[in-house]
Amino acid sequence: SCLDLCSPSRIMAEQQVDDIVIPILREIGCSFAGETKTLAGFKSEELVQAAALMVMKIKPEQPVPHRLPKSKAARFRICTTVSNAIQELGYQGDLGYEKFLYPTDADTRKVLIWLMNKLPKADEEAAETDAANDSSVSILAALKSWYQKKYNPYESPHPASKARSLSTITMMTPER
């Protein structure tokens, strides 16, 4: 009934969700998010772009198309690809290509909230960056150590060959 769907508390809750999700869509680079104020009335193009960009933030090694072409067959394939990518991330709800081709406000919010909760947190990204920096530091330290101990042609790494004497060769160069 309209009383349930139009209740002030439901509308307020939806607006709160929108106020959280829309800035995240701007942050991840959704081209439409600049003028968007609400998730209500999202079109296929907007939902596919938002969902695909979020999937790629969650799992960067998985490229997902985020633009819908005009061809109906291509739209179907891309919506199926996005849907499958989200299901591979663990989404348990009913999610098929039709949820992206013909989005409803409720399904749009449900999927985007779920994806938003799967996005890497800022502190996780910082920890990953710190871990990468730590490994970079250790690699640089190992390279520096190697460089300082690098092969010297006058020293043999084998102790048995140290007994041999070294001889030098005079090189003759043309005079200028």
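The values are calculated or read from the model by the stated rules, or taken from the named source; none is laboratory data. If you're wondering where the values come from, they're calculated on a predicted model, not measured in any experiment. Reconstructed Cβ throughout: ideal geometry from the backbone, glycine too, with neighbour counts over all protein chains shown. Heavy atoms of the whole protein, side chains included, go into the accessibility calculation; ligands, DNA and RNA do not. Shrake-Rupley method; radii C 1.70, N 1.55, O 1.52, S 1.80 Å.
General observations
- Accessible area of I78 in the full protein assembly, 1.4 Å probe (Å², nearest 10): 30 Å²
- Residue-level accessible surface for E35, protein heavy atoms, 1.4 Å, Å²: 140 Å²
- Projecting label points 7 angstrom from Cα along Cα→Cβ for K43 and I11 puts them 2.6 nm apart.
- Computed on protein heavy atoms with a 1.4 Å probe, the accessible areas place Y91, Y102, Y97 in the order Y102, Y97, Y91, largest first.
- In order along segment 31-46, phi translates into HN-Hα couplings of 5, 8, 5, x, 9, 6, 10, 8, 7, 4, x, 4, 8, 3, 4, 5 Hz, rounded to whole numbers, per the Karplus curve 6.51 cos²θ - 1.76 cosθ + 1.60 with θ = phi - 60° and x for Gly and Pro.
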